[in-house]
Amino acid sequence: MRMMLALATGLLATLAGDSDRATAMVTVADGAHAGTFVLRNVDIPCEITTERPPHPKHQFNVTLGGYTPNKDASKLTILMLIVPDADVRGPNKTFFASINFGDVSRGTQYNAETRPGEKIGGSGTVTVAPHGQDATVTLDVKSAEGVAYKGTIQCTGVSRY
């Protein structure tokens, strides 16, 4: 696992341009969208927010991609991830993850919602590994729709609120 993380991080660093603030590589294991996809953002899509009790101390959020004039149903357009307890070191089983293909409002979505009190379903783990002002996030998810996807997100200059 550590070797795969190191290889993915190295590949993402190679793929990232000088101005990219976040780069994600996602591999969908099965279904109509099986394959490997890359998303990049030049703005600051990764943030850690300080939460008030009774919530965990910090929450991690990332949104990569967004509206695109190209509505190709085979292209990954958005990746969203919310980890309500970003202070957990190692695999975290409480999160919301979503990937969207094609048109943002009408495309295909694969969602995993494992936060308490939410209803969508799905399973998996997410690991947030901060290092200075940056973070590497790995996800291994099975969506409520039954589609498995894995990925690595490399965030540079994580915003803190």
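FRET efficiency for the pair SER105 and ALA129, taken as 1/(1 + (r/R0)^6) with r the Cβ-Cβ distance and R0 = 22 Å, rounds to 0.10. Highest-first packing order for the peptide set 146-156, 27-37 is 146-156, 27-37, based on the mean count of other beta carbon atoms within 10 Å. The computed Rg/Rh (Cα atoms, Kirkwood Rh) for the structure shown corresponds, within (1) 0.99; (2) 0.94; (3) 1.20, to (2). Taking the Cα centre of the chain as origin and assigning +1 to Lys and Arg Cβ atoms and -1 to Asp and Glu Cβ atoms, the resulting dipole is close to 200 debye. Projecting the alpha carbon convex hull of the range 47-100 along each direction and taking the average yields 4.6 nm². Among all lysine pairs in the chain that are eight or more places apart or on different chains, how many have alpha carbons less than 16 angstrom apart? Close lysine pairs found across the chain: 5. Restricting the calculation to Cα atoms, every distinct pair contributes to the Kirkwood radius of the range 92-153, found to be 12.3 Å.
Legend: residues SER159, SER123, sorted from most to least accessible area (1.4 Å probe; ligands, DNA and RNA excluded), read SER123, SER159. Accessible area per residue was computed with a 1.4 Å probe on protein heavy atoms; MET25 scores about 40 Å². Taking all protein chains in place and a 1.4 Å probe, what share, in percent, of the accessible surface of the range 95-156 do carbon and sulfur account for? Of all accessible area on the range 95-156, carbon and sulfur atoms account for 48 percent.
The values are calculated or read from the model by the stated rules, or taken from the named source; none is laboratory data. The structure displayed is predicted, hence computed values, not measured ones. Virtual Cβ from ideal backbone geometry, glycine too; neighbours counted across all protein chains shown. To get the accessible areas, we keep the full protein, side chains included, count just its heavy atoms, and leave off ligands, DNA and RNA. Shrake-Rupley method; radii C 1.70, N 1.55, O 1.52, S 1.80 Å.
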